[in-house]
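A.B. asks: If you scroll down you'll find the structure; I have some questions about it.
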Amino acid sequence: MNFKKKKTFSIILAALFTALIAVFAQIPPSTHEFPITLQTFAIALCGFTLSLKYSLASIVTYILLGAAGAPVFSGFCGGIHHVTGPAGGFILGFPIFVLFCSLFEKRKNNFFKIFMGILGIIIMYILGIIYYALVTSTPYWTAIVMYAPVFLKDVASCVLAFFVGQVLKKRIKLLYK
């Protein structure tokens, strides 16, 4: 595949991952104040599958679409108020999370790659919890306890996304040839 076709293919993949993140943000339907969805799985999958450049492009596009009002956030919501509201710290932490998932794609050590993805989740949660506590005037420890079960689900999602991403990368490389 020549350079121009490969670049076009990569842009299409980034757009597809933007759509995938939007779809996984709706699974399962969330009725809680803080959404419990498969969105972090899709973000990690994007980071573990695409290059750093295209995974960041995908997640930034997702955030901009949601901020502009497209119903891509959990519960088919959109609007800047979701970025500035209680969950805004998590949304703003998505690029950091995807950065950590894709930054070391060339390294051979799979354990290190998974560790970096989990480190990205930890940083995203630190930002999200601090932001949530400030916006809602909730004590930090209350916010930490409130988000702890979701954190464990997101760590498991990250590990699973790594292995699914490895399979996807192999399949995508076959399409490049």
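The values are calculated or read from the model by the stated rules, or taken from the named source; none is laboratory data. Every value quoted in this text rests on a predicted model; they were computed, and no experiment measured them. All Cβ positions, even for glycine, are placed from backbone atoms using ideal geometry, and neighbour counts span all protein chains on display. Remember, those area values only see protein heavy atoms, side chains included, never the ligands or the DNA or RNA. Shrake-Rupley method; radii C 1.70, N 1.55, O 1.52, S 1.80 Å.
A.B. asks: Taking only the range 112-167 into account, find how many residues are of a type in the set (S, T, N, Q) and assigned to a helix (DSSP H, G or I).
C.D. replies: Residues of the range 112-167 that are of a type in the set (S, T, N, Q), as a first pass: 136-138, 142, 157, 166.
Those left that are additionally assigned to a helix (DSSP H, G or I): 136, 142, 157, 166.
Here the count works out to 4.
A.B. asks: Of all residues in the range 46-62, which are open to solvent by 20 Å² or more (accessible area, probe 1.4 Å) and in a helix (DSSP H, G or I)?
C.D. replies: Residues satisfying the conditions are Leu52, Lys53, Tyr54, Leu56, Ala57, Val60, Thr61.
A.B. asks: For the condition closer than 20 Å to Ala25 by Cα, out of contact with any Pro (no Cβ under 8 Å at 6 or more places or on another chain), open to solvent by 70 Å² or more (accessible area, probe 1.4 Å) and modelled with pLDDT of 95 or more, what is the one hit in Leu134, Leu99, Leu127?
C.D. replies: Leu127
A.B. asks: Quick check, is Ala133 free of Cβ contacts under 8 Å to residues at least 60 places away in the same chain, touching a Phe, Trp or Tyr at 6+ places or on another chain (Cβ under 7 Å) and under 16 Å from Ala22 (Cα atoms)? I'd like the intermediate steps shown before the answer.
C.D. replies: Values: free of Cβ contacts under 8 Å to residues at least 60 places away in the same chain: yes; touching a Phe, Trp or Tyr at 6+ places or on another chain (Cβ under 7 Å): yes; under 16 Å from Ala22 (Cα atoms): no.
Spelling it out, it is not the case that Ala133 is free of Cβ contacts under 8 Å to residues at least 60 places away in the same chain, touching a Phe, Trp or Tyr at 6+ places or on another chain (Cβ under 7 Å) and under 16 Å from Ala22 (Cα atoms).
A.B. asks: Within the range 154-169, can you find the residues that are farther than 12 Å from Phe48 by Cβ and loosely packed, with under 15 Cβ neighbours inside 10 Å?
C.D. replies: First, the residues of the range 154-169 that are farther than 12 Å from Phe48 by Cβ: 154-156.
Within the range 154-169, Ala156 is the sole residue that qualifies.
A.B. asks: Would the range 8-29 turn up any residue that is among the polar types (S, T, N, Q), open to solvent by less than 40 Å² (accessible area, probe 1.4 Å), within 17 Å of Gly120 (Cβ to Cβ) and in contact (Cβ under 8 Å) with a residue 40 or more places away in the chain?
C.D. replies: no
A.B. asks: Quickly run through the range 52-75 and pick out the residues that are small (Gly, Ala, Ser) and modelled with pLDDT under 95.
C.D. replies: Selection gives Ser74, Gly75.
A.B. asks: Restricting attention to the range 30-38, does a residue exist that is among the hydrophobic types (A, V, I, L, M, F, W, C), open to solvent by less than 50 Å² (accessible area, probe 1.4 Å), assigned to a helix (DSSP H, G or I) and more than 17 Å from Ala156 (Cα to Cα)?
C.D. replies: No: zero hits.
A.B. asks: Only one of these is outside any helix (DSSP H, G or I), under 15 Å from Val23 (Cβ atoms) and open to solvent by 40 Å² or more (accessible area, probe 1.4 Å): Pro71, Pro86. Name it. Give the derivation first.
C.D. replies: On the way: Pro86 fails: under 15 Å from Val23 (Cβ atoms).
Checking each option against the conditions leaves just Pro71.
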